[in-house]
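*Asks:* Take this structure, written in structure tokens, and hold onto it; I'll ask about it next.
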Amino acid sequence: MVSPKHVCVIGAGVSGLAAAKAFSARGHRVTIVERSGDLGGVWEPARSYPEVQTQSPKDLYRYTDRAMPEAYPEWPTGPQVHAYLAGYAKSFGLDRMLRLDTEVAGMARRADGKPGWMLTLTSKGGTPSNEDFDFVAVCTGQFNEPRELHCRGEGSFLDQGGQILHSSTYGDPSLAKGRRVVVLGGSKSATDIAVNAVKSGAREVTIVMREPVWRIPYFIGGLVNFKRILYIRAQEEMFPGWGASPMARLALRLAAPLIWANWRGLESLLKAQLKLGRCKMVPKERIEDGVNCSVPIATPGFYPMVADGRIKAVFGTFDHYEADSIVMSGGERIGADVAVLAIGYKLGVPFLPEAYKQKLVDADGQYRLYRLIANPDLPELGFVGFNSSFCTVLCADLAANWLVRYADRQLAKQPTAQAMRDNIEMMLQFKRVERPAAGVYGGLCVAPYHYRHFDELMADIGAKEQKRRGLAGHFQPPDADAYAKFLATAPEYRAA
Ligand SMILES: Cc1cc2nc3c(=O)[nH]c(=O)nc-3n(C[C@H](O)[C@H](O)[C@H](O)COP(=O)(O)OP(=O)(O)OC[C@H]3O[C@@H](n4cnc5c(N)ncnc54)[C@H](O)[C@@H]3O)c2cc1C
């Protein structure tokens, strides 16, 4: 018997909607608390920059129980993703669970001694109130608290008319027209904004990044959708994974020359296709050493604009501002009217009490989460969307399905607290020592190990079918429809 719980889902982005759907489908009462005025999280229109579109192809950026509309392009625009999410919420009644403009400001264990948490909620213009919940799903994403960067001379740069803004507030491209725009950062947002500034008539555009990184074009070799090469199990198996058996290690060692040739071939293709040599943007790092969630898609037009000088690329970072210029760490001075800081976001769960934060995050910033979802020392609490990837919607969906079963003690492989702790330690060792690239974003990234992660979740859930077999299983990207079928093979239950 599973008793119904009152569950608070914090955040109404992709992950919050997945969690609300999974918990309500099992018979739990759900309240979704969202601090902004609309659902969608990073796809909320007020937060999107012009021309934003997904990096993931649409069949990989979707829930298991709802495809994106046929009419959408392969890489949907921001407004299209938002419309898809709004439609998803409506059709499953999630919109009725929403409490918008309400922020979780704090949490503590319940005062009535029952399992669960008391949340402090603040709504716009209202006074804070406390509410008890039996279970809390944290779905607050990794892109919410913009990172800040303050450099010497900033005050005088602003005083003489300069403008400094975070990439998340670059919403009006007319800002760039006729001005000298300097973008700091090497992410997809940074290159998107640099390209947008050129198209919007900026007088000069400079992009400043620490070093060139590998970027993946939407079509590799100009022909093949990157999902058919980079998202497939056969490619993933070339990366040494965690907990590998001696046999698996031997197999990888024997295949090493082929694997090496595969990566060098891909590098050569990317160098030729993107003209990286001409742009002086050939990365130093081997492509296989850096693959994780931070590998960006190449913004169309970016490399051609670097090659013909419409975008100037500088390697380094800002050192200080001086009058109407920014002086780089290498000493170069760049005239600027607008500085766009595409420097990412701060990770964290600010409303979690300090004692629990220490259980969740190690001193080096690595998160202690079993399957990137739960921590045995944080009871009645789970995290959805902390398993970020190149197909985050599918990750969030499967994590939400895992979490509700974990909360209800209905996982086929319900782990003991000790087994969770041991697994967390093993994974931390893997990220710290064996594959440092897996430690980015606090270790909250499953790429390039999507399939391994999904296999673990499906086995825990108890799905009788867990993966596609045969050639299709090795050479096709993750298939959300197939995962819907696999989930349906897991034991059924409902809280009552
Ligand atoms: C421009 C852009 C493009 C992207 N493209 C892709 C892509 O193509 N493929 C991909 O896999 N990923 C992509 N991502 C990553 C993206 O973050 C995830 O795909 C996904 O949207 C994250 O959803 P989420 O619900 O976990 O987090 P978010 O979308 O960040 O939602 C979290 C929500 O929690 C709310 N919240 C936070 N704190 C509180 C609080 N204290 N109280 C109440 N509410 C709170 C926030 O307001 C927000 O609405 C992209 C990200 C950005 C920024």
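The values are calculated or read from the model by the stated rules, or taken from the named source; none is laboratory data. Source: prediction; values computed, not measured. Cβ atoms come from the backbone with ideal geometry, glycine included; neighbour counts cover every protein chain shown. Side chains included, ligands, DNA and RNA excluded: accessible areas come from the protein's heavy atoms. Shrake-Rupley method; radii C 1.70, N 1.55, O 1.52, S 1.80 Å.
*Asks:* State all residues of the stretch 61-82 that are part of a loop (DSSP other than H, G, I, E, B) and either within 11 Å of the ligand (Cβ to nearest atom) or among the basic types (Lys, Arg) (or both); if no residue qualifies, say none.
*Replies:* 61, 62, 75, 76
*Asks:* Sort out which residues of the stretch 478-492 are open to solvent by 30 Å² or more (accessible area, probe 1.4 Å) and in a loop (DSSP other than H, G, I, E, B), and write them in order of number.
*Replies:* 479, 489, 491, 492 - these are the residues of the stretch 478-492 that are open to solvent by 30 Å² or more (accessible area, probe 1.4 Å) and in a loop (DSSP other than H, G, I, E, B).
*Asks:* Can you pull out the residues in the stretch 454-477 that are within 19 Å of residue 373 (Cβ to Cβ) and open to solvent by 10 Å² or more (accessible area, probe 1.4 Å)?
*Replies:* Matches in the stretch 454-477: 455, 456, 459, 462, 466.
*Asks:* Okay, next question. Identify the single condition in (1) within 10 Å of the ligand (Cβ to nearest atom); (2) surrounded by fewer than 22 Cβ atoms within 10 Å (Cβ to Cβ) that residue 383 does not satisfy, given that it satisfies every other one.
*Replies:* The one condition residue 383 does not meet is (2).
*Asks:* Could I ask something else about it? With the condition kept exactly as written, say whether any residue in the stretch 90-102 is without any contact (Cβ under 8 Å) to a residue 24 or more places away in the chain, farther than 16 Å from residue 61 by Cβ, more than 11 Å from the ligand (Cβ to nearest atom) and open to solvent by less than 60 Å² (accessible area, probe 1.4 Å).
*Replies:* no
*Asks:* Return yes or no: is residue 36 away from the ligand (no atom under 15 Å from the Cβ) and either open to solvent by 20 Å² or more (accessible area, probe 1.4 Å) or under 19 Å from residue 91 (Cβ atoms) (or both)? Working first, answer last.
*Replies:* Details: away from the ligand (no atom under 15 Å from the Cβ): no; either open to solvent by 20 Å² or more (accessible area, probe 1.4 Å) or under 19 Å from residue 91 (Cβ atoms) (or both): yes.
Taking the combined requirement at face value, the residue does not satisfy it.
*Asks:* Only one residue in 327, 282, 340, 314 is at pLDDT 95 or above and either open to solvent by 20 Å² or more (accessible area, probe 1.4 Å) or part of a loop (DSSP other than H, G, I, E, B) (or both). Which one?
*Replies:* Result of the check over 327, 282, 340, 314: 282.
*Asks:* Filter the stretch 349-359 for residues that are open to solvent by less than 30 Å² (accessible area, probe 1.4 Å) and either under 22 Å from residue 167 (Cα atoms) or not aliphatic (A, V, I, L, M) (or both) and give the result. Break it down stepwise before answering.
*Replies:* Initial filter on the stretch 349-359 (open to solvent by less than 30 Å² (accessible area, probe 1.4 Å)): 349, 351-352.
Selection gives 349, 351.
*Asks:* With the structure loaded, tell me whether residue 370 is away from the ligand (no atom under 15 Å from the Cβ) and among the aromatic types (Phe, Trp, Tyr) or whether it fails that test.
*Replies:* In short, yes.
*Asks:* Anything in the stretch 198-217 that is under 27 Å from residue 284 (Cβ atoms), crowded, with 20+ Cβ neighbours inside 10 Å and away from the ligand (no atom under 16 Å from the Cβ)? List them, or say none.
*Replies:* 205, 206, 207, 208, 209, 214
*Asks:* Let me ask something else. Which of the residues spanning the stretch 277-300 are within 24 Å of the chain's Cα centre (by Cα) and away from the ligand (no atom under 16 Å from the Cβ)?
*Replies:* Quick first cut of the stretch 277-300, residues within 24 Å of the chain's Cα centre (by Cα) only: 283, 285-300.
Of everything in the stretch 277-300, those that are within 24 Å of the chain's Cα centre (by Cα) and away from the ligand (no atom under 16 Å from the Cβ) turn out to be 283, 285, 286, 287, 288, 289, 290.
*Asks:* Continuing with the same structure: Which residue, of 406, 451, 441, is part of a helix (DSSP H, G or I), touching a Pro at 6+ places or on another chain (Cβ under 9 Å) and closer than 30 Å to residue 213 by Cβ?
*Replies:* Result of the check over 406, 451, 441: 451.
*Asks:* What are the residue pairs meeting all of these: first residue in the stretch 50-66, first residue free of Cβ contacts under 8 Å to residues at least 60 places away in the same chain, second residue open to solvent by 20 Å² or more (accessible area, probe 1.4 Å) and near the ligand (Cβ under 6 Å from one of its atoms), Cβ atoms under 8 Å, and 6 or more apart or on different chains?
*Replies:* That search, which allows pairs on different chains as well, returns 54/61.
*Asks:* Let me ask something additional. So residue 20 fits all but one of (1) more than 9 Å from the ligand (Cβ to nearest atom); (2) of a type in the set (A, V, I, L, M); (3) in contact with an Asp or Glu (Cβ under 8 Å, 6 or more places away or on another chain); what number is the exception?
*Replies:* (3)
*Asks:* Filter the stretch 103-117 for residues that are open to solvent by 50 Å² or more (accessible area, probe 1.4 Å), more than 13 Å from the ligand (Cβ to nearest atom) and not small (Gly, Ala, Ser); which is farthest from residue 140 (Cα to Cα)?
*Replies:* Filtering first and then ranking leaves 112.
*Asks:* Here's another thing I want to ask about it. Go through the stretch 45-70 and give me each residue that's closer than 28 Å to residue 133 by Cα and crowded, with 19+ Cβ neighbours inside 10 Å.
*Replies:* Filtering the stretch 45-70 down to residues closer than 28 Å to residue 133 by Cα leaves 63-65.
Correct list: 63, 64.
*Asks:* Shifting gears a bit: Just give me the residues in the stretch 174-195 being under 18 Å from residue 161 (Cα atoms) and either within 12 Å of the ligand (Cβ to nearest atom) or open to solvent by 30 Å² or more (accessible area, probe 1.4 Å) (or both), in sequence order. If you could, list the steps in order and put the result at the bottom.
*Replies:* Of all residues in the stretch 174-195, those under 18 Å from residue 161 (Cα atoms) come to 174-183.
Once the filter is applied, which keeps residues that are under 18 Å from residue 161 (Cα atoms) and either within 12 Å of the ligand (Cβ to nearest atom) or open to solvent by 30 Å² or more (accessible area, probe 1.4 Å) (or both), the stretch 174-195 yields 174, 175, 177, 178, 179, 180.
*Asks:* Follow-up. Please determine, by comparing only the residues of the stretch 123-160 that are more than 13 Å from the ligand (Cβ to nearest atom) and at positive phi, which one is most open to solvent (accessible area, probe 1.4 Å).
*Replies:* 125
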